[in-house]
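The block underneath contains the structure these notes are about, expressed in structure tokens.
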């Protein structure tokens, strides 16, 4: 009987079969490419709650200057110090006017004067400047200009034609534009201003305004610890003018929530001013032109 030699090639190996069949195992692997797509989540943040730095002139500021921006809530958190071991804490106060201040840049030292024929005039002799304040929608709120170098910093108290224009929870920016020549100008952008609370004087009244979004825990009548220091300052001022009439209005769309916040104010006033709740004029109303705020109007005699 003859032996038959059979060569079976599998992959890169040769398997020899002699006379009897053999089991053959073929090993391999599959390589499939799987694409994983990273999808960015849809942001659910109101644009007004995002501090913008993209207004006119601010891009250059970011690219050339170091920014160290601490918003108002962080300032309150850092300065609300209750420890008895603190010798002299730096207490945060209500923002007060002037809210915007920018200094005119000092001239170069030493001043070099080119006395050659047809030379340009010394820097500053023909300069003009414009100071503006805009809101978060880039709407112009205030503008002043001049053609002489101001001796004092340029500032604005938020008032125009007898009206106080600034509101809580809005973002404002100031900008000083200096035109050295008709073809050359430079722009200096002030720090963004964001106000969780306000204190200003109008006629014979001192007006305090709190942003409802910052004063209370969201959707509740509980005061936020973040602004407790400012509420305490308000109570101290009411004690200072003890006997002077004052009123509090909670501007809130949710009438039930407004009533609960009225009760919270009456409770804190009773505890601090030691009077019965019926002595306090606290009410609720739909939001007006000042937005969703809690406003305290203290009548004084100047």
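Each value in this text was obtained by applying a stated rule to the coordinates, not by laboratory testing. All of these numbers come straight from a predicted model, not from anything done at the bench. Virtual Cβ from ideal backbone geometry, glycine too; neighbours counted across all protein chains shown.
Within a 10 angstrom radius of the beta carbon, how do 172, 241 rank from fewest other beta carbons to most?
Exposure proxy ranking, most exposed first: 241, 172.
Could you work out how much longer the chain between residue 204 and residue 101 gets when fully extended? Use 0.36 nm per residue separation minus the Cα distance between them, nm to one decimal.
So the extension gain works out to 34.5 nm.
Need the C-alpha centroid separation for the stretch 218-244 versus the stretch 275-302, integer Å.
12 Å
Stretch residue 183-residue 300 to full length: gain in nm at 0.36 nm per residue minus the Cα-Cα span?
Working: separation 117, 0.36 × 117 = 42.12 nm, distance 5.22 nm.
Contour length minus the Cα-Cα distance gives 36.9 nm.
Ignoring solvent entirely, what values of log10 I(q)/I(0) come out of the Debye formula for the stretch 197-299 at 0.13, 0.19, 0.21 Å⁻¹ when each Cα is a single scatterer?
-0.41, -0.95, -1.18
Say R0 is 25 Å: what FRET efficiency, to the nearest 0.05, do residue 116 and residue 145 get from their beta-carbon distance?
After rounding to 0.05, the efficiency reads 0.20.
Give me the distance in nm between label points sitting 7 Å out from Cα along the Cα-to-Cβ direction at residue 235 and residue 35, one decimal.
Each label point is offset 7 Å from its Cα along the Cβ direction, giving 6.2 nm.
Using Cα-Cα distances under 8 Å and only pairs 6 or more residues apart, what relative contact order does the stretch 197-299 have, in percent?
38 percent
Full extension from residue 279 to residue 259: what is 0.36 nm times the residue separation minus their Cα-Cα distance, to one decimal in nm?
Using 0.36 nm per residue and subtracting the Cα-Cα distance, I get 5.5 nm.
In nm, to one decimal, how far is the residue 170 label point from the residue 137 one, both placed 7 Å along Cα→Cβ?
So the label points at residue 170 and residue 137 sit 0.9 nm apart.
Could you check the spin-label model distance between residue 228 and residue 159? Points 7 Å from the Cα along Cα→Cβ, value in nm.
3.5 nm
Just to be sure I understand: of the beta bridges DSSP finds with both ends in the stretch 197-299, what percent are antiparallel, rounded to 5?
For the stretch 197-299, the DSSP antiparallel bridge percentage is about 80.
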